[in-house]
Structure formats: structure tokens, C-alpha cells
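Undergrad: Would you mind keeping the following structure in view while I ask a few things?
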Amino acid sequence: MAFWFPNAGIDLNNPVQEEEQSEEPANRGGQDRGNAHVSGNTAGASADSGMVDTGDTISTDDSGGEDEVQSTPSLTPVEKPYPDMMFDSWEQAKMCYNRYAKHVGFSIKSSTSRNSTVDLLKDKCLFVCNKSGRNKDINHQEVPPVRQRNRTITKKTDCKARLRVKRRGQKWHVTMFIEEHNHPCLKKFSLKRFLRSHKGIPKEEREFVKLLHQVNLSAGRVMSIMAELYGKLSNVPYERKDVSNYMATFDTAAQTQNDMSKLLSHFAKIKKEDPDFFVKIDVDHDDRVRRIFWTDGPARAAYKTYNDCLSFDATYMTNCYKMPFAPFIGINRYCQSIQLGCGFIRNEQEADYVWLFESFLEAMDGVQPVNIITDQDGAMRSAILCVFPDSCHRNCRWHIMQNAQPVLGNEMSKNEPLRLELNDTIDHSMTPDEFEERWAEMVLKYNVSDNKHLQDLYDIRASFVPAYFKDRFFPFLQTTARSEGFNAVLKRYASPHTSLFHFFEQYMKLQESIDVAVDSNEFKDEDKILRMWGEWPLEEHAFNVYTMPIYLRFRAEIRKVTSYNVNLLDGQQFNVVPVTGYVYGYGKRSYRVEANLSEGAVQEIPDHYILPRWTMPPDDIVPEKVELPQVQVDKKLTNKERKLLRYGTLCNNWTEYAKIAAESEKATALADKYMRELGKELSAMKISASSKRNEKRKQTKKQGEPSGAENVGDEGQGSNTQYQHVRDPIMTTTKGRPEEKRKKSGLHLKASKPVKCKACGSAQHNTAECPSKISNVPEPKEINFFRDMI
């Protein structure tokens, strides 16, 4: 006798034994078989009756409307059907036949059914082997005009194995059972999970998969987790594709169930908890959302301190509508990126950016950012000049160099000294005048005054060259790397198939992780200490004044003191020169320094050089901060969350017991014994709990439900009827990058791989212009056959 132990790695590859001891003629006269009745609880069946433990099933409603039922791990034993076997419903008959099918090694499906002419209810059902019928000859079918995906088809053999049940009174009776198959059944247990009626995600695990999907885990990661719970991957009764398809239904449902209505209703709920939460939407003539912007109270409070520098960039592939996502990123006192607001826009035109910037300005009480850095987008630049006229706008150097690389890279590969001097001129010019002077010298030296691409780079010098921003505040950045990094992290939480409502949920989780990182840095400042690099009082003063991340940057600059030699020129003037001729970040430059030695060594950093934004606020000053309602410390998990937690824990624990029980036949028999007893107790407990719930529900219905229950919307978010007129956005076509990864070229111009002539190998020309292909031999005289014939 063999039993199936849930979540166990038991080898059931042995052939199915015929039930000789329990096999009896179907028409025997005894009452023990002829009047047998199978109810919903058959866990107490004994092993002597020819039953084996196998899987329970999920109804077709729970399985997504499939015509075939799905087996799931259970303690319910299975018995081979026989004529006159009785069931409470046709669904129970189908479950019983499916359990038997898994034990034998085949799949079942519903064939035909008939409704009664008296009460119009179903009164006859036929379940057949999955290989019933015959396949059409695909070789004689018409070839489709377009290429189709390769789909595998079940190999049908016109198998006659089947089970027919008919309703008689309140019971369903087996009127026909054909056991024999005309094809081999699967004997290997690990292959039975691929049979369609035994393949599927159990109902409990669907909730668990949905929970994992909410934290944006991929289908592959979900399968890895389920493999741990089941003991190994081959025990999981479904595949990665099944998980992927099921997770796709969440996003599809979100697009068809008033996505924007749910999102705006959620905004209204947050507004009650955070009065300073700000949201603004713009709809088109068809009431479809065209633009949306939001920011919360803590971000609005933080902007009052950190409005000196913003990084702004639009990114793609974050939502199912393909709307570009545009976050406003700031930098806090720990040099961390923080969210100060974000929005979605349908197009990337000037009007869209103007609306977005005006919404940001409205949320921030009309305070313009002091400095802002973006990519090289014309619509964005025009909108900034319109809405933020007092802001200093800088372009991302990375994007500019990326655009210049295709047209200048090949030329730089032929002139390496020019490339090095160009990059050094951009990097290490201290003032705009110095940059102009060095550029003119470079153009004259290398005779590149007629190079149009270099001239184009020179024309936009004031928008990206560091020398033009020495008196502006762009801390530790020349690019939109802050925005790029934030977008990269965001895409770990959201996917291109995410609805806007789900995106906002993931956005808030990302915001929570940022808050936790800020708290971690604040704790380190208050509780931790670092070993000083040296014994210079200036370094100790920096450690006491700055936050720890800023101090570490300051210490890195102090260490570069050892990279220079100081030579006395005359009086109080000194010449500071690099020791090795080059210092990273400063180049080959030498400095002339005038120092008043009578004042002694510098012990502290002068106050006018210390920016308060990089320091911890004094103890007597409480920074303005909006605190959201505190979550109760003793908050308990919901019933659904506790159920999922118990389910995962039990699966993991039972897997360990199953591994031990599978070591020997004696251990397996002992496990089978207690499983049957456990099944009896759990079934009795379930029936008792169900009856209590039904009784309580009846009493509640008699007393009347409390008023206001109808005001609860989807997922308990409250009424959303006031937002019903707002429709979901349309699919957007943007100018964003394609799905493949783009190539990064860095901040400097690099030498592209030179294009060589395939004929002679020279890098000075291509194959079409190769001199070796130009022959000095005169072309042969053309012969006019018609003229010669005349």
C-alpha cells in the first residue's frame, strides 16, 4: 500500500499495484459496497479498503475557469470508483475521479453534461480521460498566413476510460465506470504534476504568491521560495510559467477595475492621515488622466531645508500605461537621495513639463529650487526657463558626452593627445576665462578649428563645463546620477506591467526604505565613532561638526595633502606641486599659496565655510518635520496574514518530517498512521468551525448589519464614487529608450575603435575610398554589338 505524503520527497515511481484484496465484482449482493456513500469527509477510510492518500482538488471556479480540476496536497484518501457509488454532488464525483486519476497516472476532463427537463438543474455528467478523442491531422491543415507560436497538443488516442454519474433524488450515482486505457499511464511520480488536471496553484498558495508579487518578486524567485517550502523543486505541483501567468492576472485586473478610481480614493484616505499631502491631476476631454503629481507632508517640510539642489529626470517602463515617470530628487544632510515629489505625464512636451513644474511650485509654496540639473532635453529646458526663471539650470555632463561620443570618438581614436587635452580642459579649468584660454590654445595647437562637432560642444559649454558652476551648489555631482540611481532602485519595486495604484504602493515602500536609511545614519552619528586618519585638530573639528558621510568625504580630501610638496618661494608665498605630477580629481595643476605664518596653524574650519545643511541640528533646535500617525507598537497581524504565515511555517516543518519518514518503510507507515488520524481531527474541526460561522452569520443577519457597510470600497479603502468619472490613462508612446540596455560612455570622450580599410588595413580611409582599388589601366572599349552587326 502506498501513500502520498504532502511536501515530501518520496519516490512513488513503483508501478501502481492492482487492488487485489479490495477488488470485488461490481454486482455483488452485499450491502457494504452496493450502498456505499462517499461524502465530503473520507479521511477516516481504512487502508484495508484499497484507498491511498493523494491530493485534494480545487473547484473549477478557484482554478480560473479551467475545464479540468486540479489536485492539491491533502490528507484525503482515494478509492477506485465503482458502479452505484454515491456522492453528495457531481463536483465530489469529479474530485474523487481526479484523485484516482493521479494515483494511476492520467488526467481527466469534463466531456458532456445534461440538465433535467423537470427542474432545469444538471442531472448527468460524463468525465473522460484527457486522451479521449482524436487529433486532427495538422499536416493537412491550411498553413496560417502569419507565423504562429509553437504550441504543443495533447496526443489523443481515443481512450475510452471514463466515469458517468447521474442524479437520483438528492444523491449522484455512478452509472458507468470504464477503467481500461489504451495508452500507458505515467508511473513516475515527478511527472504526474505536469498532467493538466493535477497541475495548478492551490488556493492557499495563490494568496501567498499574491503577497510575494506585492513586493515585486519575479516568478523565478517565487518558485525558489516554493521549492524551499516543498522540499525541492520537483515537488512543486506547478511551473514557473504558471506562476508568471497567474501574476500577470493581477496587473490585467488592475487595468480593468478602475485603476485611477482606486488610486484617487487611496489618495483621499492618505489625505486624512497626512493633511499636508498634496495631489493634483489633469484630465483630457474624455476624462482620462493626462498628468498627475503628488508629494507628501514630510517631503514638503524637507524641501524647506534642501531646496538648494534638485535632480530631475524622466524614466520609462514603470507602469502599464507607458507613461514617463518624473521624480524630483533632493540631497539630505547625509548625502542621501530623497524624494521631494513625483509625477506622471502622458507626453514629454513643453506644456507637460510646465504643468508638472507649476504643480511642484504650488506644492512647495512658490519656493523655486536654487539649482536644478537635468538631461539635455529642449522641452525640459524651456519649461524650466518659464516656471523656474530664478533657478540655475545645469545639464547632465554624462548625457552630453554620450551624444558627442558617436561623432567625436572615431576622430579622437586617431589623435590621442587631443582627446587627453580636451578632457583635461573640461575637468580642471578653474574659471570660465581659463577654460576659454585653454580651449583656444587646444584648437590652435591641433588645428581643429574647422571641426563642426567640437564647435557644437563648445557652443553649449556654459551648460555643463564645471568651471561655469564653481559659484553654484551642485554637491558631488555633475550628472543626473541621483535621478538615474533612484530610477534604477525604483524599478526593483515596480515593473512595466504595474498599475498606477500598485505603483503608488511600491513607491510608498521605497519611501519607507529611504526613511529607514536616514534613521540608520542618524543613529550612527549619535552612537558611533570613527578612528581619525591623523591627529590634526582640523580633522577632529570636521568630525564634530559634519554628519558622518560628509566627514568621510572631508577626510578623503585631507589625505590628498600628502600628494603635494610645498616649496617656499619668498616671504609668505609657497608653491604647491603634485608629488607624482598628477593628483586624481585635480590633475597636473600646481598652486601658489599665500599664508600668514604669524597666525599659526589652522585649528578649525572657519564658520563661513561650513554649510548648515551638512551638519546635525543643535540639540536646542527641533527641526520642522511632519510626523504621520504612529502605528501601534502592539499591532497584530490580520487573520489573512496569520494564515499565510502559518501555512508557510507548516509546509517547511512538514517537509523536514517527510524527509525523515521517507528513510524506511516502517517510518513511512508510522507517518501514514498519524496522518490519517490527523486528517480525521482536522476535518472534524473544520466542520465544527464552519457550522459555528454559519450560525453566527444567521444571527447577525437577523439583527441587521450596521449602517455604513456599503461605504467601504475595494480593499477597504472607502467610498470611491466621487472619482468614478476619472478614467484610466491611455497607452502612451514616448521617446524613451528601447528595452535593450543602452551603452554607457562615461563623463569623458573615449577613443572609439578605429574603422580600418579591409583592403589594405589603413585607418586613414575606408574600403570604398582605398587607393588600391583605383586602377590606372584604361577601361576597355565598350563594344556596340548592334553597330558592328550593321
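Undergrad: How many residues are farther than 17 Å from Q339 by Cα and touching a helix residue (DSSP H, G or I) at 6+ places or on another chain (Cβ under 7 Å) if we restrict to the range 305-316?
TA: Here the count works out to 0.
Undergrad: Test I292 against the stated conditions and say whether it is part of a helix (DSSP H, G or I), at pLDDT 85 or above and either loosely packed, with under 15 Cβ neighbours inside 10 Å or β-branched (V, I, T) (or both).
TA: Judged against the criteria, I292 is not a match.
Undergrad: Looking at (1) open to solvent by 70 Å² or more (accessible area, probe 1.4 Å); (2) basic (K, R); (3) assigned to a helix (DSSP H, G or I), which is the only condition K560 fails?
TA: Tallying (1) open to solvent by 70 Å² or more (accessible area, probe 1.4 Å); (2) basic (K, R); (3) assigned to a helix (DSSP H, G or I), K560 fails exactly one: (1).
Undergrad: Given the structure, is D308 more than 24 Å from the chain's Cα centre (by Cα), surrounded by fewer than 16 Cβ atoms within 10 Å (Cβ to Cβ) and touching a residue at least 60 places away in the same chain (Cβ under 8 Å)?
TA: no
Undergrad: Additional query: Out of R394, R438, R461, which single residue is of a type in the set (K, R), modelled with pLDDT of 90 or more and open to solvent by less than 50 Å² (accessible area, probe 1.4 Å)?
TA: Numbers: R438 fails: open to solvent by less than 50 Å² (accessible area, probe 1.4 Å); R461 fails: open to solvent by less than 50 Å² (accessible area, probe 1.4 Å).
Of R394, R438, R461, the one residue that is of a type in the set (K, R), modelled with pLDDT of 90 or more and open to solvent by less than 50 Å² (accessible area, probe 1.4 Å) is R394.
Undergrad: Can you name the number of the only condition in (1) touching a His at 6+ places or on another chain (Cβ under 9 Å); (2) touching a residue at least 60 places away in the same chain (Cβ under 8 Å); (3) within 26 Å of E358 (Cα to Cα) that M401 fails?
TA: With respect to (1) touching a His at 6+ places or on another chain (Cβ under 9 Å); (2) touching a residue at least 60 places away in the same chain (Cβ under 8 Å); (3) within 26 Å of E358 (Cα to Cα), M401 is out only on (3).
Undergrad: Moving to a separate point now. Which residues, counting only those in the range 207-232, are free of Cβ contacts under 8 Å to residues at least 12 places away in the same chain, more than 13 Å from the chain's Cα centre (by Cα) and open to solvent by 60 Å² or more (accessible area, probe 1.4 Å)? Walk me through it before giving the result.
TA: Pass one, the range 207-232, residues free of Cβ contacts under 8 Å to residues at least 12 places away in the same chain: 217-218, 221, 224, 227.
So of that shortlist, the ones also more than 13 Å from the chain's Cα centre (by Cα) come out as 224, 227.
Correct list: S224 only.
Undergrad: Here is a further query. Among the residues of the range 77-101, which ones are open to solvent by 10 Å² or more (accessible area, probe 1.4 Å), over 19 Å from L186 (Cβ atoms) and of a type in the set (D, E, K, R)?
TA: E79, D84, D88, E91
Table: residues versus (1) part of a helix (DSSP H, G or I); (2) among the hydroxyl-bearing types (S, T, Y).
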{"site": "C386", "(1), (2)": "yes, no"}
{"site": "I400", "(1), (2)": "yes, no"}
{"site": "V407", "(1), (2)": "yes, no"}
{"site": "S413", "(1), (2)": "yes, yes"}
{"site": "D424", "(1), (2)": "yes, no"}
{"site": "R438", "(1), (2)": "yes, no"}
{"site": "V448", "(1), (2)": "no, no"}
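Undergrad: Of all residues in the range 478-502, how many are open to solvent by less than 10 Å² (accessible area, probe 1.4 Å), of a type in the set (G, A, S) and not in a helix (DSSP H, G or I)?
TA: Kept after step one, since they are open to solvent by less than 10 Å² (accessible area, probe 1.4 Å), are these residues of the range 478-502: 480, 483, 487, 490, 494, 498-500.
If we keep only those that are of a type in the set (G, A, S) too, we end up with 483, 494, 499.
If we keep only those that are not in a helix (DSSP H, G or I) as well, we get 494, 499.
Of the residues in that region, 2 qualify.
Undergrad: Considering the range 334-386 alone, what residues qualify as being among the aliphatic types (A, V, I, L, M), out of contact with any strand residue (DSSP E or B) (no Cβ under 6 Å at 6 or more places or on another chain) and farther than 22 Å from M401 by Cα? Break it down into steps so the answer makes sense when it comes.
TA: The initial filter retains those residues of the range 334-386 that are among the aliphatic types (A, V, I, L, M), namely 338, 340, 345, 351, 354, 356, 361, 363-364, 367, 370, 372-373, 379-380, 383-385.
Going one step further and asking which of them are out of contact with any strand residue (DSSP E or B) (no Cβ under 6 Å at 6 or more places or on another chain), we end up with 351, 354, 361, 364, 367, 370, 379, 383, 385.
Answer for the range 334-386, where residues must be among the aliphatic types (A, V, I, L, M), out of contact with any strand residue (DSSP E or B) (no Cβ under 6 Å at 6 or more places or on another chain) and farther than 22 Å from M401 by Cα: A351, V354, L361, M364, V367, V370, A383, L385.
Undergrad: For S382, are the conditions met, namely being surrounded by 17 or more Cβ atoms within 10 Å (Cβ to Cβ), in a helix (DSSP H, G or I) and either polar (S, T, N, Q) or touching a Lys or Arg at 6+ places or on another chain (Cβ under 8 Å) (or both)? Explain how you work it out, then say what you get.
TA: On the way: surrounded by 17 or more Cβ atoms within 10 Å (Cβ to Cβ): no; in a helix (DSSP H, G or I): yes; either polar (S, T, N, Q) or touching a Lys or Arg at 6+ places or on another chain (Cβ under 8 Å) (or both): yes.
Judged against the criteria, S382 is not a match.
Undergrad: In the range 106-132, what residues are open to solvent by 30 Å² or more (accessible area, probe 1.4 Å), out of contact with any His (no Cβ under 7 Å at 6 or more places or on another chain) and not polar (S, T, N, Q)?
TA: Result: K109, R114, V118, D119, L120, L121, K122, K124.
The values are calculated or read from the model by the stated rules, or taken from the named source; none is laboratory data. Owing to the predicted nature of the structure, the values given are computational and were not obtained by experimental measurement. Virtual Cβ from ideal backbone geometry, glycine too; neighbours counted across all protein chains shown. We work out accessible area using only protein heavy atoms, side chains counted, and drop any ligands, DNA or RNA first. Shrake-Rupley method; radii C 1.70, N 1.55, O 1.52, S 1.80 Å.
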